1. How would the stretch 26-93 be classified by its alpha-carbon gyration tensor: rounded, prolate or oblate, with rounded meaning a/c under 1.5 and the a/b versus b/c comparison settling the rest?
2. To the nearest 0.05, what FRET efficiency results for S86 and L2 with a Förster distance of 30 Å applied to their C-beta separation?
3. Multiply the residue gap between R31 and H67 by 0.36 nm, knock off their C-alpha separation, and tell me the result in nm, one decimal place.
4. Which far-off residues, 5 or more places away or on another chain, put their amide H under 5 Å from the one on H42, with H placed in the peptide plane?
Amino acid sequence: MLSIPESLRIFVARRPADFRKQFDGLAGIVRAEFDHDPFGGHLFVFFNKRRDKIKLLVFQHTGFWLHYKRLERGTFECLTDVDDDSDCIEVDARRLRLLLEGIDWKESKFRRHFASSLRIDTRRNHGGQQQQTG
């Protein structure tokens, strides 16, 4: 089980990576092509050409973690809905979890009361006490 905190910045490679590359090779891609620091604690996601394998690279405290998943059938979703021409795109943890589970982002939607942000307004009622509404 992989736990992905919501606060983690996640960058997904737009082009396939050579899956013979390991820690240093993928960190080199992060530095040279993404223009990011691989030691910054962000999560970097790479796919192979057939999109049936995925590697996740993250630096944590004293070293790199490399997570690898190979699908027995099917492929991972292609993130084509983003209009960015950069080498990588940033996604949130929720979208990465959907991608790892094989759920099509375009076919899913979040119900209105499960919105990603919540704002609490405070109003004064007739007794002068504050009442919270959400």
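1. On the way: a/c = 2.05, a/b = 1.25, b/c = 1.64.
Here the stretch 26-93 falls in the oblate category.
2. Working: r = 25 Å, r/R0 = 0.84.
Computed FRET efficiency for S86 and L2 comes out at 0.75.
3. On the way: separation 36, 0.36 × 36 = 12.96 nm, distance 1.89 nm.
Length gained, R31 through H67: 11.1 nm.
4. Answer set, sorted by chain and number: F59.
No value in this document is a laboratory result; all are computed from the given coordinates. The shown structure was predicted, so the numbers you read here are calculated from the model rather than taken from an experiment. Don't worry about glycine lacking a Cβ; one is built from the backbone with ideal geometry, like all the others, and counts go over all protein chains shown.
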